[in-house]
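Q: Sharing a structure below in structure tokens format, with a few things to ask.
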Amino acid sequence: MRRLIFLAAVMFIAACTSPVASYYTNDGFIQGTSYHIVYKHKSDIGSTILYQLHRFDTSLSAYMAESTISRVNTNQITETDDTLFLNCVRRALEISEITGGAMDITVSPLVNAWGFGFSKKEHVNQQLIDSLKQFCGYQKLKIDGNRIIKSDPRIQLNANCLAQGQSVDFIAEMFERMGINDYMVEIGGEVRASGVNPSGSLWRIGIDRPIDDTTATLDRQLQGIVALDNKSLSTSGNYHKFFVENGVKYSHTINPATGYPVQSNLLSASIAGPDCITTDALATACMVLGTEAAAAMCDTLPDIDYYFIYSDSTGEFKTVFSKGFEAMILK
């Protein structure tokens, strides 16, 4: 009897002293940008998060010479068991098909030529564009099992249009395997949220007003705030990364069809959907397509909603959005 009482007491004390789940916040820099992650758990797992983000970089960071994507670009490898890389390329090819090539992972040479990639801007003319376009185009890249098949060895990949979203999914899916159901993962502006925030409400995410600012030093202004209910949100725009030459603004979004930076009245495209790799890639594609074509495309896609900010003929900001996105906007 005494032993039973003793064991019961031990179990009671253990139950009383077991960790209680709390909200933790981890901030830092990765992939050349910042991250902000909030989650409810019994302990702070910031070191694990950072380790996994660095692990992701060894797969898809083109700034790391030994990453999988860098070794593919330099033709050091034609086969890999790196599932992060393979999944990224497979999804990129799928979304290229969906968007008619508006999102294309093979535009790296063009991005570099315009100075938005990993090298300084070149003297760009039509002859250079035509020469680079010979080895751009998602149809020239295939994945067969673990093999990466290029139709031309000069083909290079730039996963910036969806890898950041994939890294958000990577951390979110790790959380879910750990039983963490209340979280918000934001990396470089790409967001995925689940459950509720510390106030017990849906996670609230701001959409920036697209004001030109290459230095990111101007006071941030919000166009709106949305509540995310187990969704991802990505925004692409041409108001932070651009240059002006001879009075012409050149944005970082390259149209794969022309080889030139996009010239459009669409200033910002926000896409909501189930996973962040998809919303990230679609947001880029929408900036290439322009307001009307992007809206028409998104209207055909299940579980995808959009919010576009564009300028009218007088330069005033206007918005157009899907019914599903309207329901997310906080009044």
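The values are calculated or read from the model by the stated rules, or taken from the named source; none is laboratory data. Note that the structure is predicted; figures quoted are calculated from it, not measured. Counting neighbours? That spans all protein chains shown, and the Cβs are built from the backbone with ideal geometry, glycine included.
Q: Looking at region 170-203, which of its residues are charged (D, E, K, R) and closer than 20 Å to G237 by Cα?
A: If the condition is that a residue be charged (D, E, K, R) and closer than 20 Å to G237 by Cα, then E186, E190, R192 are the ones that fit.
Q: Test L282 against the stated conditions and say whether it is touching a residue at least 60 places away in the same chain (Cβ under 8 Å) and part of a loop (DSSP other than H, G, I, E, B).
A: Values: touching a residue at least 60 places away in the same chain (Cβ under 8 Å): yes; part of a loop (DSSP other than H, G, I, E, B): no.
In short, no.
Q: Can you run down the residue pairs with Cβ atoms below 8 Å, 6 or more apart or on separate chains, where the first is in region 308-331 and modelled with pLDDT of 95 or more and the partner is in a helix (DSSP H, G or I) and not acidic (D, E)?
A: F308/C286; F308/T291; F308/A294; F308/A295; V320/T291; V320/A295; S322/A295; S322/C298
Q: Name the single residue that is nearest to the chain's Cα centre (by Cα) among those in region 161-192 being without any contact (Cβ under 8 Å) to a residue 40 or more places away in the chain and at negative phi.
A: Keep residues of region 161-192 that are without any contact (Cβ under 8 Å) to a residue 40 or more places away in the chain, which gives 173, 176-177, 179.
If we keep only those that are at negative phi as well, we get 173, 176-177.
Values: E173: 15, E176: 19, R177: 21 Å.
By that ranking, first place goes to E173.
Q: Another one. Can you give me the number of residues within region 317-331 that are under 15 Å from T300 (Cα atoms) and of a type in the set (S, T, N, Q)?
A: Residues in region 317-331 being under 15 Å from T300 (Cα atoms) and of a type in the set (S, T, N, Q): 1 in total.
Q: Follow-up question, since we're still on this one. Any idea how many residues of region 213-232 are surrounded by 13 or more Cβ atoms within 10 Å (Cβ to Cβ) and either at pLDDT 95 or above or farther than 24 Å from F29 by Cβ (or both)?
A: Matching residues across region 213-232 total 9.
Q: Same structure, new question: Anything in region 193-214 that is free of Cβ contacts under 8 Å to residues at least 24 places away in the same chain and in contact with a strand residue (DSSP E or B) (Cβ under 9 Å, 6 or more places away or on another chain)? List them, or say none. Walk me through how you get there before you give the answer.
A: Here is the first cut: in region 193-214, the ones free of Cβ contacts under 8 Å to residues at least 24 places away in the same chain are 196, 199-200, 206.
Passing the criteria: V196, G206.
Q: Continuing with the same structure: Would it be correct to say that L60 is touching a Cys at 6+ places or on another chain (Cβ under 9 Å) and under 24 Å from F175 (Cβ atoms)? Explain how you work it out, then say what you get.
A: On the way: touching a Cys at 6+ places or on another chain (Cβ under 9 Å): yes; under 24 Å from F175 (Cβ atoms): yes.
Against the criterion (touching a Cys at 6+ places or on another chain (Cβ under 9 Å) and under 24 Å from F175 (Cβ atoms)), L60 qualifies.
Q: Among the residues in region 160-176, are any modelled with pLDDT of 95 or more, surrounded by fewer than 20 Cβ atoms within 10 Å (Cβ to Cβ) and of a type outside the set (D, E)?
A: Within region 160-176, one or more residues are modelled with pLDDT of 95 or more, surrounded by fewer than 20 Cβ atoms within 10 Å (Cβ to Cβ) and of a type outside the set (D, E).
Q: Can T300 be described as surrounded by fewer than 19 Cβ atoms within 10 Å (Cβ to Cβ), at pLDDT below 95 and either part of a helix (DSSP H, G or I) or among the β-branched types (V, I, T) (or both)? Steps first, please.
A: Values: surrounded by fewer than 19 Cβ atoms within 10 Å (Cβ to Cβ): yes; at pLDDT below 95: no; either part of a helix (DSSP H, G or I) or among the β-branched types (V, I, T) (or both): yes.
No; evaluated as a whole, the condition is false for this residue.
Q: How many residues, within region 55-67, are touching a Leu at 6+ places or on another chain (Cβ under 7 Å) and closer than 16 Å to I105 by Cα?
A: Number of matching residues: 2.
Q: Please tell me if I205 is part of a strand (DSSP E or B) and either farther than 23 Å from C88 by Cβ or out of contact with any Leu (no Cβ under 8 Å at 6 or more places or on another chain) (or both). Steps first, answer last, please.
A: Values: part of a strand (DSSP E or B): yes; either farther than 23 Å from C88 by Cβ or out of contact with any Leu (no Cβ under 8 Å at 6 or more places or on another chain) (or both): yes.
When the stated conditions are applied, I205 passes them.
Q: Among the residues in region 137-146, are any of a type outside the set (K, R), more than 30 Å from T291 (Cα to Cα) and crowded, with 21+ Cβ neighbours inside 10 Å?
A: no
Q: Right, another one. Please enumerate the residues belonging to region 248-273 that are polar (S, T, N, Q) and either modelled with pLDDT of 90 or more or not in a loop (DSSP other than H, G, I, E, B) (or both). Talk me through it step by step, then tell me what you get.
A: Just the residues of region 248-273 that are polar (S, T, N, Q), to begin with: 251, 253, 255, 258, 263-265, 268, 270.
Across region 248-273, the qualifying residues are S251, N255, T258, S268, S270.
Q: Give me the residue from region 253-285 that is touching a Leu at 6+ places or on another chain (Cβ under 7 Å) and surrounded by 22 or more Cβ atoms within 10 Å (Cβ to Cβ) and, out of that set, farthest from Y310 (Cα to Cα).
A: Of everything passing the filter in region 253-285, I277 is farthest from Y310 (Cα to Cα).
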